[in-house]
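Worksheet: the structure to be examined is printed underneath.
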Amino acid sequence: MAFATTARADDDGYARIGSTSAELDAAGGALGGPATGAMALGGLLLSPSVFVGGSFSKTNYTNPTSSASLGAFRFAPSVYGQLDEGIHVVKAYVLADGRVSAGHDSRGGGNDSPFTGRAGLAYAWSPTDDFVARLSAGYTRQYALFGSSLASYSSANSATSYVDAPVATNILGYRQFTNLTTGRFSLERKLGDLSFVRAGLDVQDLVYERPPAGAAASVNGMSYGAFVRAGFWLTPQVNVFVQGGGDWRRYARSVFDSNGDRVIGGFATDARGLVRGEIYGGLQQQFSVSSSFGAVSAPTFGARVYYDPTPLLTLAAMIDSSYASVGAQLSAPSASTANTLQTRVQAEYNFLEYLKAAIRGGFAQSTYSNKEPTATAWTGGIGVSYTFWRNTAINIDYQFSRHESGNGASTGVVAYSENIASMGVTYNY
């Protein structure tokens, strides 16, 4: 099974008139800010880093049952940049994570030496205090739902980048890569002292690489969206908002094309403070363009919350329940709509100036409109970083994940679980 979804509440970041919590951008992911001691080139601040080490992975498959173990060299460079000239603010990042293995996993879909990465660019223009325009774009290549989060909390100078990772996912009982390209444009205007309105457009292009036999490429496609949000500040820190929007989804196989709409309301906080974020709920609908499935509707809800109780501890969590893009099961291509629940949690604690640890977890489930079996995925991981000399640290990371999908009574459940352990050295400029 496969699906993709784009956050439809608000995730285009920067300090804003109707500000939500985090330093997010629509290109995908929390960037945080330049690290202390960032490289300065004029007004441009750059924060490069690199991880070099090794990893060991063991993957267990079902239907049929088999397993594979691989050792690999792992290399993960990244660079974050920011240019702030008052009315113009530009943020950009590039993250890469590659593993090179001499072994072979016959069921790995050609992914014995996987390479994943993210890149994004976001621009904000605010010529006056009551107006801001934002433009952003991003690209993500990952496999499976949660990817591999070796440096999720350090490479981007952010303690929440795992929670803020772009939601371009597939729940599938096979290892498979996804390529997601996104773009967003929005305008926001302050109305009086306490009210604001924001409108925007977004686009998403999703491509699945080397799908299993029978899946074809019919779920590759483009999604287009538009939204309008109006809000009112109840207090200097909290606003209430209502948002309406629609989306148009077009696929390589037109029988899956659909249109949808969504109305939500909720509360959001200022970008400053110990607790930041937003929580929302509402209703959603999807309609088949070719009438291959009837109109479906369901509640939608979500939240993205960040909490910094002390300078040493950062907590982050997200949950989202919404209709995803096409969810065509391999044996049931009529399943054109999936209601998907996803949640992620992350915590980072600095024990000492030179020692920190982070834990992460996630769960997702898709339920299809034709009542076929659901697809599920869950993950858990822990990472420890010890800075032993200047900006150089030893990193140890472990992650477990399991993906399971039901392909109908004829083939039963297809699933795999994966363990990845990594150890190496990270240098941050």
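Every read-out reported here was derived from the displayed coordinates using simple, explicitly stated rules and does not represent laboratory data. Here the structure is a predicted model, which is why all the values come from computation and not from measurement. Cβ placement follows ideal geometry from the backbone for every residue including glycine, while neighbour counts extend to all protein chains displayed.
What does the highest-first list of 258-270, 352-364 look like by mean Cβ count within 10 Å?
258-270, 352-364
For TYR349 and ALA230, what is the calculated FRET efficiency with R₀ set at 25 Å and r taken between the beta-carbons, to the nearest 0.05? Could you put the intermediate results ahead of the total?
On the way: r = 39 Å, r/R0 = 1.54.
Step by step, r from the Cβ atoms, then E = 0.05.
Order of TYR61, TYR323 from fewest to most other C-beta atoms within 10 Å?
The most exposed by this proxy come first: TYR61, TYR323.
Among 85-96, 387-398, how do they line up from the highest to the lowest mean number of other beta-carbon atoms within 10 Å?
85-96, 387-398
So how far apart, in nm, are the two label points at PHE115 and ARG402 if each is 7 Å from Cα heading toward Cβ?
3.3 nm
Between TRP248 and ASN60, how many nm apart are label points set 7 Å from Cα along the C-beta direction?
Spacing of the two 7 Å Cα→Cβ label points: 4.8 nm.
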